[in-house]
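**Student:** Below is a structure I'd like to ask you about.
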Amino acid sequence: MPNFELLIDGKMVPGAASLDVINPATEALAGTCSRASESQLDEAVEAASSAQAAWAATPIEERRTAVLKVAEIAAAHAPELGAILTSEQGKPLPEAVAEVYGFSMFTQHFAAMEMPVEVLEDSETRRVEVHRTPLGVVGAIIPWNFPLILLGFKLGPALISGNTLVVKPAPTTPLSTLRLAELVKDALPPGVLNVIADANDLGSKISAHPKIRKVSFTGSTATGMKVMSSASSTLKRVTLEMGGNDAGLFLPDLDPKEIAPKIFDAAFGNNGQICIALKRAYVHEDIYDDVCDELAAIAKSKKIGDGTEEGVELGPLQNKAQYEKVQAIIADAAEKGTIIAGGGVPDRPGYFIEPTIVRDIAEGARLVDEEQFGPALPVIKYSDPEEALARINRSSDGLGGSVWSSDAAKARDLAIRIDSGTVWVNKHADLDPSIPFSGAKQSGIGTELGREGFEEFTQRRVINIS
């Protein structure tokens with residue numbers, strides 16, 4: 001059994017205290033890990049700061065080799081890391097193992113990035129060059145829904161561009177990240193990667209730390225606002241990927257039997273605990289009843305349970321606080337709509353909620369207005385696409401959205417009018433490391449993924465030569 005210690009300056013070290021991690025499928029102990037003190041956070045930042053100049057001076061091909069080694073080690077230990085991830089996060093084991101491979105794939109993608117000098121002008125009077133240089137120490141704050149793949153959004157671009165890294169996983173899912181750190185620690189020079197764990201008490205210290213030059217945060221909007229506030233004290237760079245209340249607009253020319261499984265998969269992946277999950281389904285009145293019936297039948301057919309059990313399709317909510325929040329949102333939905341599938345809590349240990357479909361519901365219900373981040377979907381009837389579009393855009397969130405139709409051109413024309421950072425047509429939640437991903441409105445600041453996301457880990461330096 002791993003010790004789940006902290007990685008600071010190339011060494012696994014015990015924390016100043018310990019942290020118990022609960023298995024959400026059993027409510028029993030999944031493991032105990034080290035918990036960092038504020039002084040240990042300072043040690044991790046100091047180690048990263050001391051290592052950064054030499055790492056930045058290392059030729060990019062050598063950095064690339066080291067980062068690719070991290071990806072290789074992760075993939076080689078995917079079964080072990082996946083099992084740890086399931087024990088602390090709750091998702092079915094095949095999905096957890098796939099997440100480890102996802103981390104490896106995203107890391108490989110960013111390891112291949114180059115930092116060429118861009119020449120804007122080379123004339124008789126001047127030469128203007130744009131260089132990309134590292135920022136320094138980057139703090140990465142990772143949420144509990146996808147602890148490893150979301151680390152993959154950050155680790156590769158941060159390290160290949162010459163920064164060093166201090167990573168803080170969520171307090172309810174630190175084990176897989178700490179074990180990954182132990183496995184890869186010798187692939188990188190000491191101090192280049194540091195991983196600590198906390199009890200929700202060090203995030204603000206990372207955001208305000210004077211030696212951290214950038215914070216890359218993924219998590220809730222409320223916490224992201226706190227990160228932005230703390231980061232303002234040093235005017236450090238921030239990338240904030242925050243909450244979403246993604247709407248899907250379903251036009252009347254769709255076949256209910258064909259579209260319902262796609263709606264369900266878009267809404268209930270990772271038990272609904274995905275920032276870009278489909279969270280509001282606006283369905284035209286002509287197909288509304290049939291779509292609702294199909295969704296209810298799918299929800300009732302799903303096997304929920306411990307992610308280690310064969311055939312389980314949906315695991316538990318990851319933590320008790322989220323479990324209780326989703327139950328309260330469903331209770332409100334029962335008063336303001338009609339539950340046609342799920343809504344109950346199985347008689348067993350663990351943070352389980354039956355996959356829930358709610359019809360005859362509209363704005364004003366928490367399930368429509370708030371990000372549920374759990375296994376409950378409101379199906380909202382509309383008659384006029386223009387009216388539905390206006391309702392969709394009233395949300396303060398703008399992470400993703402989608403439009404669905406047998407006429408892709410018509411769907412595209414509506415999609416470009418949805419006020420979200422990403423809008424898909426006839427699909428939802430399609431992420432690729434080569435495609436930039438940004439939130440609009442209160443769903444985030446900055447960009448992850450793609451060339452644009454990579455460049456957010458760099459400083460643009462313009463050299464203007466006479």
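The values are calculated or read from the model by the stated rules, or taken from the named source; none is laboratory data. Since we're looking at a predicted model, the values are computed, not measured. With ideal geometry, Cβ positions are generated from the backbone for all residues, glycine too; neighbour counts draw on all protein chains shown. With ligands, DNA and RNA removed, areas are computed over all heavy atoms of the protein, side chains included. Shrake-Rupley method; radii C 1.70, N 1.55, O 1.52, S 1.80 Å.
**Student:** Amide H to amide H, which residues 5 or more places from Asn426 or on other chains are under 5 Å from it, using H placed in the peptide plane?
**Tutor:** Val403, Trp404, Ser405
**Student:** In whole percent, how big is the carbon plus sulfur part of the accessible area of segment 152-269, probe 1.4 Å, protein atoms only?
**Tutor:** The C+S portion of the solvent-accessible surface of segment 152-269 is 56 percent.
**Student:** Send over a whole-number figure in Å² for the accessible area per residue of segment 95-236, probe 1.4 Å.
**Tutor:** In whole numbers, segment 95-236 has 34 Å² accessible per residue.
**Student:** Just want to confirm a number: the relative contact order over segment 104-235, from Cα pairs under 8 angstrom separated by 6+ residues, in percent.
**Tutor:** Over segment 104-235, the number comes to 26 percent.
**Student:** Kindly provide the pair-distance distribution of the chain built from C-alpha pairs, with 10 Å bins from 0 and whole-percent values in order of increasing distance.
**Tutor:** The distribution over the chain is 4, 20, 29, 25, 15, 6, 1, 0, given as percents.
**Student:** Take each of the peptides 377-388, 264-275, 226-237, 353-364, average the number of other beta-carbon atoms within 10 Å over its residues, and list them starting from the highest.
**Tutor:** The densest-packed peptide leads the list: 264-275, 353-364, 377-388, 226-237.
**Student:** Suppose the chain between Ala328 and Ala53 were pulled fully straight at 0.36 nm per residue; how much longer would it get relative to their current alpha carbon spacing?
**Tutor:** Here the answer is 94.0 nm.
**Student:** Here's another thing I want to ask about it. Once the other residues with Cβ under 13 Å from the Cβ of Leu175 are scored (Lys, Arg +1; Asp, Glu -1), what is the net sum?
**Tutor:** -3
**Student:** Could you please put Tyr101, Tyr282, Tyr351 in sequence from largest to smallest accessible area, using a 1.4 Å probe?
**Tutor:** Accessible-area ranking of Tyr101, Tyr282, Tyr351, largest first: Tyr101, Tyr351, Tyr282.
**Student:** Sticking with this structure for a sec: Label Leu120 and Ala362 with points 7 Å out from Cα along Cα→Cβ: what is the distance between them in nm?
**Tutor:** 5.2 nm
**Student:** Please give every one of the aspartates and glutamates within straight-line cross-link reach of Lys427, meaning a C-alpha to C-alpha distance under 14 Å, and leave out same-chain neighbours fewer than 8 residues apart.
**Tutor:** Reachable aspartates and glutamates: Asp246, Glu258, Asp265, Asp407.
**Student:** What's the ranking of 186-197, 159-170, 428-439 by average number of surrounding C-beta atoms within 10 Å, highest first?
**Tutor:** Sorting 186-197, 159-170, 428-439 by mean packing, highest first, produces 159-170, 186-197, 428-439.
**Student:** Are any of the pairs Lys185/Lys262; Lys154/Lys262; Lys214/Lys302 more than 32 Å apart by Cα-Cα distance, and if so, which?
**Tutor:** Lys185/Lys262; Lys214/Lys302
**Student:** Check which residues have an amide H placed less than 5 Å from Leu399's amide H, if you skip close sequence neighbours.
**Tutor:** Asn245, Gly421, Ala440
**Student:** Please compute the contact order of the chain in relative form: average sequence separation of alpha-carbon pairs under 8 Å and at least six residues apart, divided by the residue count, as a percent.
**Tutor:** 18 percent
**Student:** Right, something else. I'd like the accessible area for Trp144: 1.4 Å probe, protein heavy atoms, all chains in place, Å² to the nearest 10.
**Tutor:** 50 Å²
**Student:** If every alpha-carbon in segment 379-458 counts as one equal scatterer, what log10 I(q)/I(0) does Debye give at q = 0.10, 0.20 1/Å?
**Tutor:** For the requested q values the scattering log ratios are -0.27, -0.93.
**Student:** Return the carbon/sulfur percentage of the accessible area of segment 1-97, one whole number, probe 1.4 Å, all protein chains in place.
**Tutor:** 56 percent
**Student:** In whole Hz, with x marking every Gly and Pro, tabulate ³J(HN,Hα) for segment 194-203 from phi via Karplus 6.51 cos²θ - 1.76 cosθ + 1.60, θ = phi - 60°.
**Tutor:** 10, 10, 10, 10, 9, 10, 6, 10, 10, x
**Student:** How much net charge surrounds Leu7 when only the other residues with a Cβ under 12 Å from the Cβ of Leu7 are counted, with Lys and Arg +1 and Asp and Glu -1?
**Tutor:** -1
**Student:** Assuming 0.36 nm per residue, please report the length gained on full extension of the stretch Lys226 to Lys302 beyond their Cα-Cα distance.
**Tutor:** 23.6 nm
**Student:** Next question, about the same structure. On a 1.4 Å probe surface of the protein chains, which of Glu46, Glu371, Glu61 comes out largest in accessible area, and what is the full order?
**Tutor:** Glu61, Glu46, Glu371
**Student:** Less than 9 Å Cβ to Cβ from His131, Lys/Arg counted +1 and Asp/Glu -1: what total charge do the surrounding residues give?
**Tutor:** Once all neighbours under 9 Å are counted, the net charge is +1.
**Student:** Let me ask something else about it. What figure, in Å² to the nearest 10, do you get for the accessible area of His77 with a 1.4 Å probe and non-protein molecules left out?
**Tutor:** His77 has an accessible surface of roughly 60 Å² with all protein chains in place.
**Student:** Relative to the longest principal Cα axis of the chain, at what angle does helix 38-57 sit, 0 to 90 degrees, rounded to 10?
**Tutor:** Computed tilt is about 70 degrees.
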